Amino acid sequence: MGKIKRHQFIKLSLFSSAAVYVNSCGLGNNKAENTPGATKDTILKDSIAQNPSTKTNAPTFKLYKKGDEGYDTLRNGFNKRINKYPAVIALCKSQEEVAQAVTYGIENKLPISIRSGGHSFEGFSCNDDGLVIDLSTMNQVSWENENTVIIEPGCILSQLYDIILPKNKIIPAGSCGNVGIGGLTLGGGYGLFSRKFGLTCDSLQSITMVDGKGNIINSKDDPELLWACKGGGNGNFGVITSLKFSLNTAPDFLQSHRFKIAHIDAQKARQVLKQWFSVTANLPPSCFSAFVLNGASLYILLTNIEKQNSETQKIVAQLSSLVDKTIAGKPIPLAKAVQVFYGEKKPLYFKNASAGLYKNFEEISNFIEDVLKKVTSTGDMIYQVNTVGGEINNPVFANASSYSHRGQNYLSELQTYWRQESQTDKMVTAFEEVQQIFYANGIKQQYRNYPDVNFKNWQNAYYGENYPRLQKVKSKYDPGNVFRYDQSIVPFIQ
Ligand SMILES: Cc1cc2nc3c(=O)[nH]c(=O)nc-3n(C[C@H](O)[C@H](O)[C@H](O)COP(=O)(O)OP(=O)(O)OC[C@H]3O[C@@H](n4cnc5c(N)ncnc54)[C@H](O)[C@@H]3O)c2cc1C
C-alpha cells in the first residue's frame with residue numbers, strides 16, 4: 001500500500017480541525033490494542049516489573065526497560081513517524097506512584113518525559129535514554145458536585161464525554177476521542193464548542209502536580225502555577241496528576257453542514273478562501289467553521305449548537321454560493337454527534353503542524369496562493385483554517401491563562417499522512433517546503449498543541465511575551481530541569 005487512498009483522505013477531510021483526523025485518531029488509553037494479543041492488563045501481569053529503590057518506601061509503580069514485554073507497546077505513540085527509546089518507562093496508577101517515579105528519575109539523573117494520551121505531534125511525551133512517566137491508567141473521572149469534575153490526565157476525550165454528556169454537561173475540548181485530557185488542556189485545547197465556551201484550559205479550576213523535586217503541589221496554593229498550566233503546562237513544570245474542571249451546560253444538539261468543490265485550482269481556492277474569511281468574520285459564537293483544502297478538493301464545514309435562525313441561514317446560503325455541492329445536516333443529539341468526529345484508533349505516519357494564527361485574510365493574502373499551489377499540486381497535503389475567536393478571546397480568560405493567542409480569530413494547520421516508513425523523507429521534505437513559505441512571509445504565532453521541532457524561536461511562537469513569566473514558574477517548580485524535551489521551557493540559571 002502506498003499513500004492513503006483518495007477516498008480515505010476525502011473522508012478525513014469532511015470534518016473539522018482536529019476532526020480532520022477522523023480516520024486517524026487513536027491510541028490513547030488503547031495503546032495495548034495495537035499489539036496483537038496484548039492488552040494493558042496482560043502487560044501488567046506478564047511484564048517483569050522492577051521496583052526501584054527510591055526515597056519513598058514500598059514503591060509500587062511498574063517499570064519497563066528495553067527488552068521487557070510491554071516496553072514497545074508503551075513506548076509507541078500515535079505518530080508512527082516518531083521512534084524513541086527511553087531507558088525506562090514508569091507506568092503509574094496514583095499520585096504517590098508518580099512522586100516515587102519522579103524521585104527515581106532524579107536519583108538516576110534521567111530526563112523525564114510525561115505521557116497522558118500519547119498524541120503529541122512530535123512525540124514530546126517520549127524520549128531517548130530517559131524516563132517516561134506514563135499516566136494512561138490514571139484515567140478516572142470523579143464528580144465533586146453537579147458542576148465540577150476532577151479528571152485524571154490519562155482520561156481520553158471519548159471517555160470523558162461518555163460520563164458528562166448524559167448529565168447534560170460539557171467541557172469544550174477537541175474533537176478526537178482518543179486525545180488525552182492531560183496534554184490537550186495543558187496546551188490550551190480548542191474544538192467545536194470553544195467559540196461558545198472558551199478553550200479547554202479556560203474551564204480548569206485547579207490542578208495537582210508532582211514537581212521537579214518530587215513534591216506534591218496544589219495550584220490552589222499558587223494561582224501563578226494555574227495560570228502557567230493553562231497553555232504552557234505541557235511537560236514543563238511537573239507531572240499534572242489531576243485536573244479540576246467546572247462544567248458548562250451542554251447544548252442539546254449539533255448540526256453540521258458541509259460544502260464541497262471536488263476539484264479546484266490554486267487561484268480559485270484563494271478566491272474561495274478570501275470569501276470564507278469574509279463570511280466567517282462575524283460568525284455567531286454557537287458556530288464553528290473550517291476551510292479544508294485536501295489536495296485539489298475543497299471542503300468547508302459549518303457546525304452550530306443552537307437553533308438555526310435567519311443569521312445562520314444567511315451564512316449557510318453564503319457558503320453554499322461559494323461551492324459546487326452543499327450537504328445540509330440535521331440537528332443531531334450531542335452525545336451522538338460528537339462521535340462522528342472521534343476517529344479510528346490506529347496510529348499513523350503523519351506530519352502535522354500549526355501553520356499560524358491569523359486575525360484576518362490580509363495577513364496571508366500576499367503569499368497564500370503559493371501555499372495553495374503546492375497543496376493542490378502535491379495532492380498529499382491538507383491546509384486547513386479553523387475559526388477560533390468568540391469566547392476564546394474573552395479578556396477574563398486571557399488574564400487567567402498563559403495561552404498567548406487570544407486576539408486571533410483563525411488557527412491554521414498543515415497535515416500530511418502516509419502508509420510506509422520508506423515514504424517519510426519525501427513526505428516530510430514536501431511538507432517543509434510549504435512551511436518555508438509561511439516562515440518567509442512572517443507567520444510567527446503557533447499553537448503549542450500543534451508543535452513542530454523546526455519552529456524557529458518557538459518560545460515566542462508558542463508563548464509570546466509570556467515566556468519569561470513561564471520561565472519563572474519553571475525555575476520555582478523544576479529548577480533542575482528534570483522535565484525536558486526539545487521545546488521545553490528552560491529555567492532561569494540559578
Ligand atoms: C489525532 C489528533 C487530534 C487532535 N485534535 C485536537 C483538537 O481537536 N483540538 C486541540 O486543541 N488539539 C488537538 N490535537 C492536539 C492535541 O491537543 C495535543 O497533541 C495534545 O498535547 C495531546 O495530548 P495527549 O495527552 O494525548 O498527548 P501526550 O503525547 O501524552 O502529551 C502531549 C504533551 O503534553 C505533555 N503532558 C501530557 N500529559 C501531561 C501531564 N499529566 N502533566 C504534564 N505534562 C503532560 C507531554 O509531556 C507532551 O509534551 C490533536 C492531536 C491529534 C494527534
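Rounded to the nearest 5, what % of the DSSP beta bridges within the chain are antiparallel ones?
The answer is about 85 percent antiparallel.
Considering the zone a paramagnetic label at ASP162 would reach in this model (a point 7 Å from Cα along the Cα-to-Cβ line), which residues of segment 104-124 have amide N under 14 Å from it?
Answer for this model: none.
Quick check for you: which residues of segment 239-278 have the amide N under 17 Å from the point 7 Å beyond the Cα of LYS213 toward its beta carbon?
239
Ordered by packing density, taken as the mean number of other Cβ atoms within 10 Å over each peptide's residues, highest first, how do 461-471, 318-328 rank?
Ranked from most to least packed, the peptides come out as 461-471, 318-328.
Around ASN248, under 15 Å between beta carbons, what's the net of Lys plus Arg minus Asp minus Glu among the other residues?
Taking every other residue near ASN248 into account, the sum is 0.
Provide the FRET efficiency to the nearest 0.05 for the LYS307-ASN147 pair, computing r from the beta carbons and using R0 = 35 Å.
0.90
State, to one decimal in nm, how far the label point of LYS359 lies from the label point of PHE492, with both points 7 Å from Cα in the Cβ direction.
If labels sit at LYS359 and PHE492, their model points lie 3.2 nm apart.
Over 20 Å intervals from 0, what percent of Cα-Cα pairs in the chain sits in each interval?
Per 20 Å bin, starting at zero, the Cα-Cα P(r) for the chain comes out as 25, 58, 16, 0 percent.
Hey, which of these cross-link pairs are over 31 Å Cα-Cα: LYS230/LYS456; LYS84/LYS274; LYS93/LYS196; LYS66/LYS456; LYS230/LYS359; LYS93/LYS476?
LYS84/LYS274; LYS93/LYS196; LYS66/LYS456
Can you tell me the mean projection area, over all orientations, of the convex hull of segment 366-405's alpha carbons? Units nm², please.
If you wrap the Cα atoms of segment 366-405 in a convex hull and average its projections, you get 4.3 nm².
Rounded to the nearest whole Å³, what is the per residue volume of the convex hull around the Cα atoms of segment 53-188?
117
Which FRET efficiency, nearest 0.05, do ASN454 and SER422 yield, Cβ-Cβ r, R0 22 Å?
Efficiency, rounded to the nearest 0.05: 0.50.
Can you figure out the FRET efficiency of SER321 with SER94, using R₀ = 56 Å and their beta-carbon distance, to the nearest 0.05?
For R0 = 56 Å, the calculated efficiency reads 0.50.
What 222 nm value per residue comes from the helices of the chain, counting each DSSP H run with n ≥ 4 as -39,500 (n - 2.57) and dividing by all residues, nearest 500 deg cm²/dmol?
Result for the chain: -8000 deg cm²/dmol, rounded to the nearest 500.
For segment 182-256, restrict the atom set to alpha-carbon positions and state the Rg and Dmax in Å.
13.7, 48
Rank-order 248-257, 108-117 by packing density, defined as the average count of other C-beta atoms within 10 Å over each peptide's residues, highest first.
Averaged packing, sorted descending, gives the order 108-117, 248-257.
What ranking, highest mean first, results for peptides 179-191, 120-132, 420-432 when packing means the other Cβ atoms within 10 Å averaged over each residue?
Order by mean packing, descending: 179-191, 120-132, 420-432.
If you plug each phi of segment 459-472 into the Karplus form 6.51 cos²θ - 1.76 cosθ + 1.60 with θ = phi - 60°, what whole-Hz ³J(HN,Hα) values come out, in order, with x for Gly and Pro?
My calculation for segment 459-472 gives 4, 6, 4, 7, 10, x, 6, 7, 4, x, 5, 5, 5, 5 Hz in order.
Tell me the Rg and the Dmax, in Å, that the Cα atoms of segment 373-482 produce.
My reading of the Cα-based Rg and Dmax gives 17.0, 50 Å.
Quick note: the coordinates plus some simple rules give every number you see, no bench work behind them. Small disclaimer: the values here were computed from a predicted structure and weren't measured. Reconstructed Cβ throughout: ideal geometry from the backbone, glycine too, with neighbour counts over all protein chains shown.
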